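What follows is one structure encoded as structure tokens, with my remarks underneath.
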Amino acid sequence: MNKELRQAIIAGNWKMNKTRPEAKALIEELKPIAANATCGVIICVPFTNLETAVELTKGTNIKVGAENVHFKESGAYTGEISAAMLTEIGVEYVIIGHSERRQYFGETDETVNLRTKAALAAGLKPIVCVGEVLEEREAGITEEVISRQVKLDLAGVSAEDIKKTVIAYEPVWAIGTGKTATAEQAQEVCAFIRATLAKLYDQATADAVTIQYGGSMNPKNAAELLAQTDVDGGLIGGASLKAADFGVLLEEASK
Ligand code: PGA
């Protein structure tokens, strides 16, 4: 982390977990634990928990994010939620292009780009996920894949808007597998993403963007990952579902 240049952010990604009573209990447990964090704290929760989360975190340092957003303003898109519907209830962030959306729900770089632009236009801050699958890493084309995703996913996003955007590097082979990227691997790709942004925008703009690592980050490996200059926090799945574990990550990112 380089806290002089940019904010470190720990964001929880609850995925399809927690009923409303369970969400309430976790948030109440989290509030005192998160209160001393000096890093950004976000919880991205299922749509059905958004209002509860916004309500319960009012006046705290915990920000609320959604896990997806549609790119159209309204219309015949059964099952989808618009950016305005999210901002209207007080949601500030949204995860876009998570590998599970790409893998199971047909998300492409084109739709990630549309969703990112729609989110920004509505005043939501996107957390855009990129990452290679195992075959791509083994074939030695990680940088090629990441460069392509960054360029396509962020096409047409202004320099001003990219500073409001968080990028999460999530190697697909590390998500939910317990297989974490080494600190060196995480640093290498996060630095590569920043270099790509510097080419697309300029160095000062690239230096201001928060780039997280995600993929089995947990209380045991967080310190080493977060010690890397270009790793500005984490997008946390499994370890965000337990207040104590999430608390350790907040503590590490606040050092
Ligand atoms: P994980 O998930 O921490 O459970 O690996 C990370 C993510 O999918 O964002």
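Values for this structure:
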{"quantity": "Criterion (closer than 13 Å to residue 115 by Cα and modelled with pLDDT of 95 or more) met by exactly one of 58, 72", "calculated": "72"}
{"quantity": "Qualifying position, being closer than 12 Å to residue 211 by Cβ and of a type in the set (Asp, Glu), among 170, 143", "calculated": "170"}
{"quantity": "Out of 144, 132, 107, sole residue that is within 17 Å of residue 196 (Cβ to Cβ), surrounded by fewer than 22 Cβ atoms within 10 Å (Cβ to Cβ) and modelled with pLDDT of 95 or more", "calculated": "144"}
{"quantity": "Residues within the stretch 54-68 that are under 18 Å from residue 88 (Cβ atoms) and either surrounded by fewer than 18 Cβ atoms within 10 Å (Cβ to Cβ) or out of contact with any helix residue (DSSP H, G or I) (no Cβ under 7 Å at 6 or more places or on another chain) (or both), tallied", "calculated": "6"}
{"quantity": "From the options 237, 215, residue that is in contact (Cβ under 8 Å) with a residue 60 or more places away in the chain and touching a strand residue (DSSP E or B) at 6+ places or on another chain (Cβ under 8 Å)", "calculated": "237"}
{"quantity": "Qualifying residue in the stretch 243-254 (condition: touching a Gly at 6+ places or on another chain (Cβ under 7 Å), near the ligand (Cβ under 9 Å from one of its atoms), part of a helix (DSSP H, G or I) and touching a residue at least 60 places away in the same chain (Cβ under 8 Å))", "calculated": "no"}
{"quantity": "Long-range neighbours under 8 Å by Cβ, at least six apart or interchain, first residue surrounded by fewer than 18 Cβ atoms within 10 Å (Cβ to Cβ) within the stretch 1-21, second outside any helix (DSSP H, G or I) and among the hydroxyl-bearing types (Ser, Thr, Tyr)", "calculated": "2/229; 7/210"}
{"quantity": "Residue check, residue 187 within 15 Å of the ligand (Cβ to nearest atom) and either in a strand (DSSP E or B) or more than 16 Å from the chain's Cα centre (by Cα) (or both)", "calculated": "no"}
{"quantity": "Hits in the stretch 141-161 - residues which are touching a Gly at 6+ places or on another chain (Cβ under 9 Å) and under 15 Å from residue 111 (Cβ atoms)", "calculated": "149, 153"}
{"quantity": "Subset of the stretch 1-39 that is small (Gly, Ala, Ser) and within 16 Å of the ligand (Cβ to nearest atom) - its residue that is farthest from the chain's Cα centre (by Cα)", "calculated": "12"}
{"quantity": "Some residue of the stretch 4-15 being at pLDDT below 95 and either on the phi > 0 side of the Ramachandran plot or of a type in the set (D, E, K, R) (or both)", "calculated": "yes"}
{"quantity": "Among the candidates 116, 78, residue that is surrounded by fewer than 18 Cβ atoms within 10 Å (Cβ to Cβ), hydroxyl-bearing (Ser, Thr, Tyr) and at pLDDT 95 or above", "calculated": "78"}
{"quantity": "Test: residue in the stretch 223-232 that is surrounded by fewer than 17 Cβ atoms within 10 Å (Cβ to Cβ), near the ligand (Cβ under 9 Å from one of its atoms) and in contact (Cβ under 8 Å) with a residue 60 or more places away in the chain", "calculated": "no"}
{"quantity": "Helices (runs of 4 or more DSSP H) completely within the stretch 122-183 that count 1 or more residues being small (Gly, Ala, Ser), on the phi < 0 side of the Ramachandran plot and away from the ligand (no atom under 16 Å from the Cβ)", "calculated": "142-153, 159-162"}
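The values are calculated or read from the model by the stated rules, or taken from the named source; none is laboratory data. None of the values given here were measured: they were computed from a predicted structure. As a convention, Cβ positions derive from the backbone with ideal geometry for all residues, glycine included, and neighbour counts pool all protein chains shown.
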